[in-house]
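The block underneath contains the structure these notes are about, expressed in structure tokens.
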Amino acid sequence: MHGYRYIAGTATMQVDQLRCAGCSLCTEVCPYRIFTLTAEALEVGGRDLCMECGTCARSCPVQAITVSPGVGCTAALLTSWANRLLGRKVVSDCC
């Protein structure tokens, strides 16, 4: 998925640093590897890479990460990209 980014500045993913327990599950499950856990805090790099799949939020044991609206746009974008790569007709019904 190199070179693919979500619409700049629209990612809804938020991290509540006060709730974060430093377990690092989000760093392991994020398909785009946008999280880094440092000694000080959880850092979010490349926010525009977030496709709002919600994997990080569902994996967080202390609910420190929220993502809204969730997977709707992700599914539509991934299907569109796959169809383009395979030379199929692209039908867009993204939210």
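Search segment 56-92 for residues being surrounded by 14 or more Cβ atoms within 10 Å (Cβ to Cβ), among the aliphatic types (A, V, I, L, M) and in contact with a helix residue (DSSP H, G or I) (Cβ under 7 Å, 6 or more places away or on another chain), and hand back the single one that is modelled with the lowest pLDDT.
Once the filter is applied, the top-ranked residue is Val67.
Pick from segment 21-54 the residues that are aliphatic (A, V, I, L, M) and part of a loop (DSSP other than H, G, I, E, B): which of them is farthest from Val67 (Cα to Cα)?
Here is the first cut: in segment 21-54, the residues aliphatic (A, V, I, L, M) are 21, 25, 29, 34, 37, 39, 41-42, 44, 49, 51.
If we keep only those that are part of a loop (DSSP other than H, G, I, E, B) too, we end up with 21, 34, 39, 41, 51.
Details: Ala21: 18, Ile34: 14, Ala39: 24, Ala41: 19, Met51: 10 Å.
Result: Ala39.
When you go through (1) at pLDDT 90 or above; (2) of a type in the set (Asp, Glu); (3) in contact with a Lys or Arg (Cβ under 8 Å, 6 or more places away or on another chain) one by one for Asp16, which number turns out not to apply?
In the conditions (1) at pLDDT 90 or above; (2) of a type in the set (Asp, Glu); (3) in contact with a Lys or Arg (Cβ under 8 Å, 6 or more places away or on another chain), Asp16 misses (3) alone.
Would you tally the residues in segment 27-41 being surrounded by 15 or more Cβ atoms within 10 Å (Cβ to Cβ) and among the charged types (D, E, K, R)?
0
I'm trying to understand the selection: among the residues of segment 18-58, which are in contact with a Leu (Cβ under 7 Å, 6 or more places away or on another chain) and among the polar types (S, T, N, Q)?
Ser24, Thr27
Look at Cys53 and say whether it is under 24 Å from Ala8 (Cβ atoms), modelled with pLDDT under 85 and surrounded by 12 or more Cβ atoms within 10 Å (Cβ to Cβ).
Working: under 24 Å from Ala8 (Cβ atoms): yes; modelled with pLDDT under 85: yes; surrounded by 12 or more Cβ atoms within 10 Å (Cβ to Cβ): yes.
Judged against the criteria, Cys53 is a match.
The values are calculated or read from the model by the stated rules, or taken from the named source; none is laboratory data. Computed from a prediction, not measured in an experiment: that's the story for all the values here. Positions of Cβ are backbone-derived with ideal geometry, glycine not excepted, and every protein chain shown enters the neighbour counts.
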